[in-house]
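**Q** If you scroll down you'll find the structure; I have some questions about it.
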Amino acid sequence: MLLEFRRINDAVWERYRQGLISQPSLARERFRQLLVHLGSDPREAEALGLSYLDHLASRGELLPGCRRVLVSLGRRYRLGIVTNGIDRVQRSRLRVSGLERHFSVIVTSQGCGFAKPDPRIFRTALSVLGLGPRQVLYVGDDAVVDRAAAVGAGIPFVWIDRGVPLARGVRRPRRRVASLVALARTLQSI
């Protein structure tokens with residue numbers, strides 16, 4: 001069932017990134033499709049989707065070294081977040097994890113109306129920061145969507161390569177690091 005949910009979730013997120021469905025539809029549709037697949041009542045999708053988002057919003061797991069890296073980078077750089085994640089979920093997770101204070105700007109696709117790979121989501125962040133594309137660096141974990149959005153906005157991109165196989169035909173980004181700790185070491189040498 002988990003594999004099927006992941007397949008459905010990935011396909012629904014792709015439709016969202018293409019602007020074919022809204023974020024409220026995304027939250028509902030992934031569970032509607034799963035319930036249909038399981039032979040269950042798809043009318044439960046709305047409640048299941050909301051429950052899932054509430055649970056997700058209450059969690060604040062961190063990558064290894066995250067807090068230490070943010071403190072270190074925050075001494076040298078202004079930090080921001082650009083995410084396709086659902087606004088209330090992302091902001092809640094940042095509060096729960098205690099990371100919110102490290103970021104001077106948080107731009108969500110829901111908040112600005114553009115989802116990566118649309119580069120306008122980055123233009124929104126740049127406007128809030130008062131910076132140009134060559135004055136920032138975007139670090140993302142999606143070698144396709146994050147890179148396409150950053151490149152489209154003229155922003156240098158660094159990929160966090162967690163060793164997950166890429167889809168057939170997708171080239172590994174040239175600039176990549178294996179972890180946030182490696183990113184911090186790389187930036188300190190610049």
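The values are calculated or read from the model by the stated rules, or taken from the named source; none is laboratory data. None of the values given here were measured: they were computed from a predicted structure. Virtual Cβ from ideal backbone geometry, glycine too; neighbours counted across all protein chains shown.
**Q** Would you tally the residues in segment 67-90 being part of a strand (DSSP E or B) and more than 13 Å from the chain's Cα centre (by Cα)?
**A** Selection size over segment 67-90: 0.
**Q** Also, I was wondering about something else. List the residue pairs whose Cβ atoms are under 6 Å apart, where the first residue sits in segment 174-186 and is at pLDDT 90 or above, the second is surrounded by 13 or more Cβ atoms within 10 Å (Cβ to Cβ) and of a type in the set (Asp, Glu), and the two are 6 or more positions apart or on different chains.
**A** Listed by first residue and then by second, the contacts come to ARG176/ASP161; ALA178/ASP161.
**Q** Let me ask something additional. Just to be sure, is LEU50 modelled with pLDDT of 95 or more, among the aliphatic types (A, V, I, L, M) and closer than 30 Å to ALA11 by Cβ?
**A** No: the conditions fail for LEU50.
**Q** Pick out the one residue from ARG76, ARG91, ARG43 that is charged (D, E, K, R) and outside the structural domain of GLY154 (by TED's automatic domain parsing).
**A** Answer to the selection: ARG43.
**Q** Right, next: Which numbered condition in (1) in contact (Cβ under 8 Å) with a residue 12 or more places away in the chain; (2) surrounded by fewer than 18 Cβ atoms within 10 Å (Cβ to Cβ); (3) under 17 Å from the mean Cα position of the chain (by Cα) is the only one that GLY113 fails?
**A** Against the list (1) in contact (Cβ under 8 Å) with a residue 12 or more places away in the chain; (2) surrounded by fewer than 18 Cβ atoms within 10 Å (Cβ to Cβ); (3) under 17 Å from the mean Cα position of the chain (by Cα), GLY113 comes up short only on (1).
**Q** What's the number of the only condition in (1) surrounded by fewer than 19 Cβ atoms within 10 Å (Cβ to Cβ); (2) among the β-branched types (Val, Ile, Thr); (3) in contact with a strand residue (DSSP E or B) (Cβ under 9 Å, 6 or more places away or on another chain) that VAL181 fails to meet?
**A** With (1) surrounded by fewer than 19 Cβ atoms within 10 Å (Cβ to Cβ); (2) among the β-branched types (Val, Ile, Thr); (3) in contact with a strand residue (DSSP E or B) (Cβ under 9 Å, 6 or more places away or on another chain) applied to VAL181, the lone miss is (3).
**Q** Sticking with this structure for a sec: Give the residue that is surrounded by the most Cβ atoms within 10 Å (Cβ to Cβ), with candidates limited to residues of segment 78-96 that are without any contact (Cβ under 8 Å) to a residue 40 or more places away in the chain and closer than 18 Å to ALA184 by Cβ.
**A** Residue satisfying both the conditions and the ranking: ILE81.
**Q** Now, a different point. Name the single residue that is surrounded by the most Cβ atoms within 10 Å (Cβ to Cβ) among those in segment 143-167 being free of Cβ contacts under 8 Å to residues at least 24 places away in the same chain and under 21 Å from LEU73 (Cβ atoms).
**A** Filtering first and then ranking leaves TRP159.
**Q** Could you look through segment 28-73, keep only residues that are out of contact with any helix residue (DSSP H, G or I) (no Cβ under 7 Å at 6 or more places or on another chain) and acidic (Asp, Glu), and pick out the one that is nearest to ARG185 (Cα to Cα)?
**A** Among those residues, the one meeting the criterion is GLU61.
**Q** Taking the residues in segment 6-34 that are in contact (Cβ under 8 Å) with a residue 24 or more places away in the chain and over 17 Å from ASP54 (Cβ atoms) as candidates, determine which candidate is surrounded by the fewest Cβ atoms within 10 Å (Cβ to Cβ).
**A** That would be GLY19.
**Q** Taking segment 33-54 as the region of interest, how many residues are closer than 17 Å to ARG88 by Cβ and not in a helix (DSSP H, G or I)?
**A** Here the count works out to 0.
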